[in-house]
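I have placed the structure first, in the form of structure tokens, so that the comments after it can refer back to it.
No value in this document is a laboratory result; all are computed from the given coordinates. Just so we're clear, the structure is a prediction, and the values are computed from it rather than from any experiment. Here the Cβ is made from the backbone with ideal geometry for all residues, glycine too, and neighbour counts use every protein chain on show.
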Amino acid sequence: MESTLKEQIPAGGVEDVYGEDCATEDQCITPWTIAVSSGYNLLRDPRYNKGLAFTERERDAHYLRGLLPPVVSTQELQEKKLMQSIRQYDLPLHKYVAMMELEERNERLFYKLLIDNVEELLPIVYTPTVGEACQKYGSLFKRPQGLYISLKEKGRILEVLKNWPERSIQVIVVTDGERILGLGDLGCQGMGIPVGKLALYTALGGVRPSACLPITIDVGTNNEKLLNDEFYIGLRQNRATGQEYYDFLHEFMSAVKQNYGEKILIQFEDFANHNAFELLAKYRTTHLVFNDDIQGTASVVLAGLIASLKLLGGALCDHTFLFLGAGEAGTGIAELIALEISKKTNTPVEETRRKIWLVDSKGLIVSGRKGTLQAFKKPWAHEHEPVNNLLDAVKAVKPSVLIGTSGVGRTFTKEVVEAMASMNERPLIMALSNPTSQAECTAEEAYTWSEGRAVFASGSPFPSFEYNEKLYFPGQANNCYIFPGFGFGLVMSGTIRVHDDMLLAASEALAAQVTDEHYAKGMIYPPFADIRKISAHIAARVAAKAYELGVATRLPRPADLVKYAESCMYTPNYRSYR
Ligand SMILES: O=C([O-])CC(=O)C(=O)O
Ligand SMILES: [Mg+2]
């Protein structure tokens with residue numbers, strides 16, 4: 001029997017080696033055609049539709065006369081009208097639906113709105129509203145916004161990838177829906193997350209929309225409510241686990257590399273702990289993979305910590321850190337802090353880890369528990385007697401920084417915040433769990449209970465808060481500060497592997513964007529309004545590190561990487577059609 005192409009050539013390799021043109025004769029190819037869109041079809045194509053903004057000349061050239069009312073509008077006026085209509089909705093979910101409908105109708109206008117009104121619309125297309133949208137995705141679902149790859153497609157994943165209409169994909173965000181934000185297993189309805197994350201890749205990071213591919217892997221769900229919901233859109237079975245799960249993911253990872261080559265970025269998003277660490281460890285040496293919840297969150301929090309030193313005083317190595325939550329975010333952040341201190345002080349990480357303590361659902365992680373701890377928790381099992389709750393852990397460890405990553409809301413109680421405030425002039429409190437309902441405490445609580453002394457940041461946004469006639473500005477320590485610029489830096493430099501030093505570079509680049517004016521307001525993150533400039537700086541620093549490490553393939557290295565990043569970024573302004 002003739003061997004297939006897949007067997008002849010190991011996964012990965014030179015661009016286009018696996019393109020359809022060089023498929024062996026026994027393999028099927030897809031008969032794609034490219035056609036110029038015009039007339040009614042042009043108005044129905046979200047990539048090219050401009051609605052009332054088609055010019056007189058374009059209306060003639062593209063058979064649009066009569067299909068539009070006479071007025072010729074501008075993109076600015078369209079934007080003004082849409083913002084007005086979105087602001088009329090009271091419910092965030094209605095705003096979300098209006099935005100998704102816009103994306104399906106007129107992609108450039110969608111991105112124009114998102115970029116120009118980022119602070120207002122981020123909480124709509126992203127956390128917290130996207131969480132509610134995922135919970136109700138079965139009822140909201142209208143048209144597929146990404147690829148669904150379920151166990152039904154086992155053995156045929158490569159074929160499924162080839163059904164996606166865009167050819168040059170640069171970034172995939174993939175979830176299996178098992179841990180959507182802090183909301184748990186939402187199965188196939190997790191699709192809202194890759195869709196939302198990729199919208200930010202474009203709006204905040206400048207990756208072209210056509211180069212982004214959202215994917216949901218459906219191996220079932222253990223969410224009984226969804227399994228019994230008549231509108232559920234996923235496989236009606238419990239999750240596949242063990243070998244079956246890992247074989248399926250391996251087929252996916254191999255097919256992606258075979259179809260898109262070595263330089264495709266695969267971002268893992270909202271996988272459960274028990275798979276997230278293993279998948280990252282398994283594929284980081286063979287694929288360009290990035291786990292947003294482990295690495296992106298770590299990088300954004302480290303940036304906030306570096307910036308906060310201006311307000312708290314001391315160096316990173318002078319602080320003591322306590323986490324509530326020892327999953328992907330908690331251990332990921334802890335490891336990156338230990339790495340940064342190790343590099344700065346020339347001390348082995350085994351030693352720098354000692355100032356970092358973690359609490360999980362069973363209490364403080366201590367050496368006595370080593371026998372029963374999961375592998376990713378073991379490095380944090382320091383010598384200490386057992387402590388079984390957070391308040392006692394705060395009293396025992398005396399942290400200057402308290403970070404919540406447990407996915408469980410309202411766990412930073414008044415007593416916990418008061419204890420932090422009694423031990424520190426300026427305690428740093430980060431309530432990172434998402435969406436807002438899962439935040440460990442609110443901004444108002446952190447400021448009130450600490451009598452205005454806490455420096456506070458959260459994963460989902462909180463509005464500014466007035467206390468004792470002073471206005472406080474909570475930070476949003478969310479990985480969306482990092483992943484768009486980080487991924488863009490990888491893509492623009494043709495980088496083929498992610499290295500931890502790139503995460504440190506991204507943290508430093510983000511922290512460097514916080515100015516004295518921000519510090520004066522107690523802020524440890526720069527405003528989102530500047531995010532595209534911030535992303536260009538992050539991308540440049542990440543790319544610089546990639547060139548330094550010899551894993552960037554786009555040669556020669558551009559001399560000014562910030563300028564280069566800015567010049568490559570997608571902009572949503574309408575183009576003229578000939
Ligand atoms: O999506 C977000 O807002 C941050 C994140 O990755 C998560 O909570 O899983
Ligand atoms: Mg996530």
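Observations, loosely collected:
- Nearest 10 degrees, 0 to 90: helix 192-203 Cα axis against the chain principal axis: 80 degrees
- With one equal scatterer per alpha carbon and no solvent term, the Debye-computed log10 I(q)/I(0) for segment 84-168 at 0.11, 0.12, 0.24, 0.26 1/Å reads -0.40, -0.47, -1.20, -1.30.
- P(r) tail, the chain: Cα-Cα pairs separated by more than 41 Å, 24% of all pairs.
- Peptide ranges 78-85, 255-262 listed from the most packed, as the mean C-beta count within 10 angstrom indicates: 255-262, 78-85
- Gyration tensor verdict on segment 449-551 (Cα atoms; rounded if a/c is under 1.5, prolate if a/b is larger than b/c, oblate otherwise): prolate
- Look at the dipole of the chain built from charges on Cβ: of Met83, Leu183, Ala381, the Cα furthest out on the positive end belongs to Met83.
- Beta bridges from DSSP with both residues in the chain: antiparallel share about 15 percent, rounded to the nearest 5.
- Alpha-carbon centroid distance for the pair segment 134-204 / segment 252-269, whole angstrom: 14 Å
- 0 to 90° range, to nearest 10: angle between helix 483-492 axis and the chain longest Cα axis: 50 degrees
- Remark on Val498: its backbone amide H falls under 5 Å from those of Val289, a criterion applied only to residues 5 or more positions apart or on other chains, H modelled at 1.01 Å from N.
- 0 to 90° range, to nearest 10: angle between helix 107-116 axis and the chain longest Cα axis: 30 degrees
- Inter-part distance where segment 520-548 and segment 101-119 are each reduced to a Cα centre, Å: 23 Å
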